[in-house]
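Worksheet for the structure shown next.
The values are calculated or read from the model by the stated rules, or taken from the named source; none is laboratory data. Worth saying up front: this structure is predicted, and the values here are computed from it rather than measured. Neighbour counts run over all protein chains shown; Cβ positions are idealised from the backbone, glycine included. When the accessible area is computed, the model is the full protein with side chains, heavy atoms only, and any ligands, DNA or RNA have been set aside. Shrake-Rupley method; radii C 1.70, N 1.55, O 1.52, S 1.80 Å.
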Amino acid sequence: TQIYIANILKCRPPDNRDPLPEESEACLPHLAEQIRLIAPPFVVCLGRISAQILLDTKTPISKLRGKWYEFGNSKMLVTFHPAALLRNPEWKKDSWEDLKDLRRQFDKYHNRPSKF
């Protein structure tokens with residue numbers, strides 16, 4: 001199994017702040033090209049920033065997570081960012097359910113029985 005990790009921005013904003021709209025707009029073509037070249041069957045957005053930017057929405061992550069979205073030729077799942085889980089350990093159960101769902105979809109895509 002291969003995994004590719006990418007970020008919305010190609011550099012870290014000062015003080016690790018949220019990306020400014022113009023920063024995201026400047027970097028999105030690069031991310032879009034990465035996704036196009038890799039052609040992944042699945043994209044997982046870890047956190048509010050990536051989910052809101054890629055889905056072009058202001059909807060809170062609590063309403064976006066745990067659902068599947070069409071993203072080009074990929075299926076996209078939104079879940080909490082790992083750093084958010086450190087701050088909010090009560091979200092870990094939901095994230096675990098999201099990842100188990102990802103695994104079920106992955107197994108279905110590869111036409112094999114799920115391990116969950």
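When Glu97 is tested against (1) farther than 19 Å from Ala6 by Cα; (2) touching a residue at least 24 places away in the same chain (Cβ under 8 Å); (3) in contact with a strand residue (DSSP E or B) (Cβ under 8 Å, 6 or more places away or on another chain), just one condition goes unmet, and that condition is (3).
What residue, of Lys63, Lys10, is farther than 26 Å from Lys92 by Cβ, basic (Lys, Arg) and without any contact (Cβ under 8 Å) to a residue 40 or more places away in the chain? Please lay out each step first, then the result.
Values: Lys63 fails: farther than 26 Å from Lys92 by Cβ.
After ruling out the rest, the residue left standing is Lys10.
The helices (runs of 4 or more DSSP H) located wholly in the chain that include 1 or more residues which are of a type in the set (Lys, Arg), at pLDDT 95 or above and open to solvent by less than 90 Å² (accessible area, probe 1.4 Å) occupy 92-109.
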